[in-house]
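Peer 1: A single structure is presented below for examination.
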Amino acid sequence: MARVPERPLLHVEGKNDEHALATLLVKHGMPHDEKQRPLEYPLIKAAGNDSGVVNLIEIQVQLQAGRPVGFIVDADDSPANRWESIRSHLKQVGVETSPNMDAEGFVGESSTYKTRVGVWLMPDNSRPGMIEDFLRSLINAGDTLIGHADASTQAAKNEHNAPFIPAHLEKAVLACWLAWQVKPGQPYGTAVTAGYFKHDRPSAIAFVSWFRRLYGVPIIGASSNTP
């Protein structure tokens, strides 16, 4: 039988999500060195894709009995459908939910396993989208390059038959925008560290607040060492 980690767990879709969100949390006071983090902080684990995260819900609520466990999934084109799918899994392990997703992120408890359970739908529990939409909300409101990246990406698609699929438009826009930064083409987590994505934007604060509610960790406050 697999050994259950001593820490709580936070399940995300992919490695980009894992690195970007871990870096954002470091900006809000989580120790950078995983070994130095108090045991209240979770291990962040990439499941590979959205169905990988959703399919972990029931077994992880059982295995983490007595410890918090979180699940972060892209809403994609229908937050309502995504939430309904997740609710059906939560019901199987004794977690009561409401028909509508909480705009501040869901935190509840399994009456069966006494596990605190959290769910965050990217980007903001309300809108369709994915982690790229969340990261876009961390760009300064006055940034003019992002609009140019929008136009350039649309032109590449419409005029030059760029082969990315419509569902990946925001991924392509962010890749274009990141290509124009001081150090072009940085991964999401590195871009958070560099301050290209701003850790103190309202959407970041909302996410960190959900994280604190779920894990009960002492986020110290946003660091100020970004450019």
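Peer 1: From the cross-link list K15/K171; K27/K114; K15/K35; K35/K198, which pairs have alpha carbons spaced over 22 Å apart?
Peer 2: Flagged as over cut-off: K27/K114; K35/K198.
Peer 1: Next question. Expressed in whole Å with the largest first, what are the equivalent ellipsoid semi-axes of the chain derived from the C-alpha gyration tensor as the square root of 5 times each eigenvalue?
Peer 2: The answer is 31, 21, 15 Å, longest axis first.
Peer 1: Sticking with this structure for a sec: Test of understanding: what is the full-extension gain from L43 to A175, defined as 0.36 nm times their sequence separation minus their Cα-Cα distance?
Peer 2: That pair, L43 and A175, stretches by 44.8 nm at full extension.
Peer 1: Still on this structure: Taking θ as phi - 60°, what are the ³J(HN,Hα) couplings along region 139-154 by the Karplus curve (6.51, -1.76, 1.60), each to the nearest whole Hz, with x for Gly and Pro?
Peer 2: Along region 139-154, the couplings run 7, 3, 4, x, 5, 8, 5, 5, x, 5, 5, 4, 5, 5, 5, 5 Hz.
Peer 1: Before rounding to the nearest 500, sum -39500 (n - 2.57) across all DSSP H runs of length at least 4 in the chain and divide by the residue total; then give [θ] at 222 nm in deg cm²/dmol.
Peer 2: Value at 222 nm, helices only: -12000 deg cm²/dmol.
Peer 1: In which sequence would V93, V61 go, from the one with the fewest C-beta neighbours within 10 Å to the one with the most?
Peer 2: The fewest-first ordering by Cβ neighbours comes to V93, V61.
A short reminder: the numbers here are calculations on the coordinates, not readings from a lab. These figures come from a predicted structure and were not determined experimentally. Methodologically, a virtual Cβ is constructed for each residue, glycine included, from the backbone with ideal geometry; neighbour enumeration extends over all protein chains shown.
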